[in-house]
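This report refers to the structure that appears directly beneath it.
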Amino acid sequence: MTQSFAAAGTAAGQLAEFVLAGDLARPARLTVPDLLAWPQHQAQVAFECATSGTQHHRFTGPLLHDVLTDAGPAFDPVRRKDRLRFLIAVRGADGHHALLTWAEIDPDFGRAPVLLAVTLDGSPLDRAGAQLVLPQDRCGARHISGINAIRVDGGYTA
Ligand SMILES: Nc1nc2c(c(=O)[nH]1)N[C@H]1C(S)=C(S)[C@@H](COP(=O)(O)O)O[C@H]1N2
Ligand SMILES: [Mo]
């Protein structure tokens, strides 16, 4: 089974989509073409993989922060401390997953320019599904391809 077409559980010819859910005022289902509605950014990245060595790729897409902000996360936007307990869980259709904190991508905190990529080396990801891109990572493991779910969770406490 090739990862790209299994990615978001779609048959060939259909658009992949992912579920955006959790503590959000406006949960959504988004296709890769839907992601063109936000300002597009570009990232030229190099990352190391433990099994396949160093890879170089160019990605374009919206900032994860912009897309999630428009979904209405359940914190008070003027109280910065309110965001600090929010987590973002991202999952690929093959079950590969990773957690980010909201603060990691927030312009007031870590400001990581994390993308939801819609193209990879110039090719659209419409059928393969959106890809998480973390230009700041040395290791490629968080570059989740074939995203099928993103969950924002504000319930985390120690
Ligand atoms: N959905 C999914 N995305 C994934 C992985 C995976 O197993 N599943 N592996 C990660 C790892 S370990 C690396 S190094 C990069 C690049 O992997 P590739 O060479 O298989 O594209 O993708 C990441 N994204
Ligand atoms: Mo890897």
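Each value in this text was obtained by applying a stated rule to the coordinates, not by laboratory testing. As the structure is a prediction and not an experimental result, all values here were calculated from the model. Because the Cβ atoms are built from the backbone with ideal geometry, glycine has one as well, and the counts that use them run over all protein chains shown.
With all projection directions averaged, the alpha carbon convex hull of the range 76-138 covers 5.5 nm².
Efficiency by 1/(1 + (r/R0)^6): what FRET value for Ala50 and Asp121, r their Cβ-Cβ distance, R0 = 22 Å, to the nearest 0.05?
That gives a FRET efficiency of 0.50.
Averaging the Cα positions of each part gives two centres, and for the range 23-86 and the range 98-120 these lie 5 Å apart. Once the convex hull of all Cα atoms in the range 17-153 is built, its volume per residue stands at 101 Å³.
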